[in-house]
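What follows is a single structure, written as structure tokens, with notes after it.
The values are calculated or read from the model by the stated rules, or taken from the named source; none is laboratory data. The structure presented is a predicted model; accordingly, all values stated were derived computationally and were not measured. Every residue, glycine as well, gets a Cβ built from its backbone with ideal geometry; the counts of neighbours run over all protein chains shown.
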């Protein structure tokens, strides 16, 4: 009998071992310290405790550095949606959202991907913005899932409903799809089963999840201020909205950037010495073609977690506040590349923060 055939209770020893290994993290974030939450991570990695530990620590580092936990404390999905759009305006046209719970307590997430306009959407934000939006929405779904599990006393799931109405070849835009799946890979391996529904899909949704839990737009009786509730529908992006967003992006002209080539299988690491706590470290870069893995480390700690970044649509830029003095390393990796070298055009700077008397110099 394989471990996948064991009952939930028979995984108790593995859950306890994972819990012991993550003791410090779980003390800081006790809402994750539940049997079903830890079991879910183990299940995602075939009950390999070491892999689950590494993946959880990696995910928590992302969540912590991007204030994910602090920004998902909402009682309603409508409130969260308003927050998301106010902080990342491009998400107004990024399809998706949470419909609520089904009759069993599972979380229903809806993705109306057929209406998305990826060729324009990707011009509305940095790749890291889209990564952060997906992490925020995933965590608020998980937060409500954990609450339902505590209430009902058994394991539940997130069910992803994908509405492909309006899907076309224009929707199937590979650069955007690649960014979407790169962001999903940051999180757990969560897809267990995919069902394709036919012409009777509305009947299936009503029967499977409860008519009262499905919004009217998708054939249910659940009411909201609109027929689609808190679900973002995508659709055409107004030109004035596009111009307003893109005009806010930072642009550094090529003559003011440093240029470097990174060969396939290689990486570029730039060391900078921060002399005073509170210094703001800023970055800006573009990649000549394709994408690059980017992160900032302080010793063994990733203070800016690794993201696979493409700048085909928008340059990547951002900043961190240095909480300790010492050597910070800015990393660009092309280790996943097999043949082609990539040109990185970058600017790394610092500035004073509040009353900090900060100094900054290259240590390389």
Within the range 237-338, considering only strands (runs of 3 or more DSSP E) that don't extend past its boundaries, which have at least 1 residues that are under 23 Å from residue 58 (Cα atoms) and out of contact with any helix residue (DSSP H, G or I) (no Cβ under 7 Å at 6 or more places or on another chain)? 267-274, 280-287, 291-298, 301-310, 316-321, 326-333
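For (1) closer than 24 Å to residue 219 by Cβ; (2) over 14 Å from the mean Cα position of the chain (by Cα); (3) surrounded by fewer than 20 Cβ atoms within 10 Å (Cβ to Cβ), each residue gets a yes or a no:
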site	(1), (2), (3)
71	no, no, yes
80	no, yes, no
129	no, no, yes
133	no, no, no
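Per-residue answers, yes or no, for (1) under 23 Å from residue 30 (Cβ atoms); (2) outside any helix (DSSP H, G or I); (3) at pLDDT below 90:
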position: 110; (1), (2), (3): no, yes, no
position: 120; (1), (2), (3): no, no, yes
position: 130; (1), (2), (3): no, no, yes
position: 145; (1), (2), (3): yes, no, no
position: 150; (1), (2), (3): yes, no, no
position: 161; (1), (2), (3): no, yes, no
position: 165; (1), (2), (3): no, yes, yes
position: 175; (1), (2), (3): no, no, yes
position: 189; (1), (2), (3): no, yes, yes
Can you tell me which condition residue 270 does not meet? The list is (1) more than 19 Å from residue 129 (Cβ to Cβ); (2) surrounded by fewer than 16 Cβ atoms within 10 Å (Cβ to Cβ), and all the others hold. (2)
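Select the helices (runs of 4 or more DSSP H) contained entirely in the range 1-107, then report the ones holding at least 3 residues which are in contact with a strand residue (DSSP E or B) (Cβ under 7 Å, 6 or more places away or on another chain).
Qualifying helices (runs of 4 or more DSSP H): 49-65.
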